[in-house]
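The values are calculated or read from the model by the stated rules, or taken from the named source; none is laboratory data. Only a predicted model underlies this, so the values are computations on that prediction, with no experimental measurement involved. All Cβ positions, glycine included, derive from the backbone under ideal geometry; neighbour counts span all protein chains shown.
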């Protein structure tokens, strides 16, 4: 049994969309909710809630936020120091952060760095993740927004270069 909340189909050819809907309905008993409205607000609230849930599960909700994603003076290496006592926790947290990068391009590089140590994690790698989480705490609502009226327009807020650049 598979449960999925929503599937969003987008194509310039309405006939193609109709065929896909028929195919999916035939095999999975779906319900067509009609034309998409309010996607931006749903994604924004979901993204913020997802980020806050990660902070809550790692007990960092009340921690102080920081404005940089990575310490440029720290070089992460495999098996640097003492190994983590709970490596599964590290893996699950990296997976959650990878999912968050779908809408948070500003954390993509830092998450890709900590992802490299999924099999060789130690205390320094965990500390690097904590820094990413404290950065996210300062701005859980940041991310990519897509304007539903003009499908070619992308609005992006990012501070990847640590200068709070804004691209519109």
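When only residues in segment 23-44 that are in a helix (DSSP H, G or I) and exposed (fewer than 12 other Cβ atoms within 10 Å of the Cβ) count, which is modelled with the lowest pLDDT? Selected residue: 41.
Report whether or not residue 14 is at negative phi, surrounded by fewer than 10 Cβ atoms within 10 Å (Cβ to Cβ) and at pLDDT below 85. No; evaluated as a whole, the condition is false for this residue.
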